[in-house]
Amino acid sequence: MHTINLLIRLVEHHQIIAYIIIFLGLILEGEVIVISTGVLAHLGALNFYYALIFILLGSLSKTFIGYALGEFLYERYQHNRFFRYIQRRVYNVLPRFKTKPFWSIFISKFIIWANNIVILFSGYEKIDYKKFLKAEIFATIIWAPLLLSLGYLFSYTALNVSRDVWKFLAVVLVLFMIFILFDKLVSWLYELFEEFYNENS
């Protein structure tokens, strides 16, 4: 039976690769990478503060790259049907994106898989760059430690269930699925709130 020490040793022997994966992973994704990093930091396989630095650097890199890519896409594909569809989707979830971009960008950070699209769309819609950066940086400063701590909690809970590596990972996976469902519920309630707010404005 392989214990959790196998996973710890594996990551410890490839720490540089792990930090590079965290940085690059944050440019493409977010929640899975940060929560997994929190799990590994709790186990002692990664240094919490180094991990946080790489998370912040990766997240900020995505902010700059995503906005620039959004501007590029607007110049090349502003009449494309796909981007008009994305535009409708963003306005469905965040109807005040144009009038109150700061809060729309800030909130998108806490909706799973929404932030990547919102960052691109901010460049595409040419949202004021200073306001965009302020919202992204402020949200990231809260979001990163919050999800890292969630990874700590997942790891602590899984360790109390089993030290077998496969059972440990199974518990973490179940907890992550619960987190996704909870996040989807909260984002759905937020959409309802936005619809109610718009109807009464």
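The values are calculated or read from the model by the stated rules, or taken from the named source; none is laboratory data. None of these values were measured; they are calculated from a predicted model. We place every Cβ from the backbone using ideal geometry, glycine too, and count neighbours over all the protein chains shown.
Note on segment 72-99: residues that are surrounded by 15 or more Cβ atoms within 10 Å (Cβ to Cβ), part of a loop (DSSP other than H, G, I, E, B) and either hydroxyl-bearing (Ser, Thr, Tyr) or at pLDDT 80 or above (or both) amount to 1.
Filtered by the rule that a residue be among the hydrophobic types (A, V, I, L, M, F, W, C) and touching a strand residue (DSSP E or B) at 6+ places or on another chain (Cβ under 9 Å), segment 142-169 gives Val165, Phe168. Restricting Tyr152, Tyr156 to those that are touching a Gly at 6+ places or on another chain (Cβ under 7 Å) and under 26 Å from Ile22 (Cα atoms) reduces the list to Tyr152. Scanning segment 65-72 for any residue that is more than 22 Å from the chain's Cα centre (by Cα) and over 15 Å from Leu147 (Cα atoms) turns up at least one such residue.
Within segment 45-87, being among the aliphatic types (A, V, I, L, M) and over 14 Å from Lys126 (Cβ atoms) holds for Ala45, Leu46, Ala51, Leu52, Ile53, Ile55, Leu56, Leu57, Leu60, Ile65, Ile86. Screening Gly44 against (1) among the small types (Gly, Ala, Ser); (2) within 18 Å of the chain's Cα centre (by Cα); (3) under 30 Å from Tyr156 (Cβ atoms) leaves a single unmet condition, (2).
When the residues of segment 4-32 are filtered to those that are part of a helix (DSSP H, G or I) and of a type in the set (Asp, Glu), the one that is surrounded by the most Cβ atoms within 10 Å (Cβ to Cβ) is Glu31. A search for C-beta distances below 6 Å between a residue of segment 30-57 that is closer than 17 Å to Asn116 by Cβ and any residue that is not hydrophobic (A, V, I, L, M, F, W, C), counting only pairs 6+ apart in sequence or on different chains, returns Ile33/Gly25; Ile35/Gly151. Going by the structure shown, is Thr157 farther than 16 Å from Val32 by Cβ, of a type outside the set (D, E, K, R) and free of Cβ contacts under 8 Å to residues at least 12 places away in the same chain? For Thr157, the condition - farther than 16 Å from Val32 by Cβ, of a type outside the set (D, E, K, R) and free of Cβ contacts under 8 Å to residues at least 12 places away in the same chain - is not met. For segment 135-165, filtered to residues that are part of a helix (DSSP H, G or I) and of a type in the set (Gly, Ala, Ser), the residue that is farthest from the chain's Cα centre (by Cα) is Ala158. The condition of being surrounded by 17 or more Cβ atoms within 10 Å (Cβ to Cβ), touching a helix residue (DSSP H, G or I) at 6+ places or on another chain (Cβ under 7 Å) and in a loop (DSSP other than H, G, I, E, B) holds for only one of Phe110, Phe132, that being Phe110.
Consider segment 113-125 and keep the residues that are in a helix (DSSP H, G or I) and in contact (Cβ under 8 Å) with a residue 40 or more places away in the chain. The one that is farthest from Ile142 (Cα to Cα) is Tyr124.
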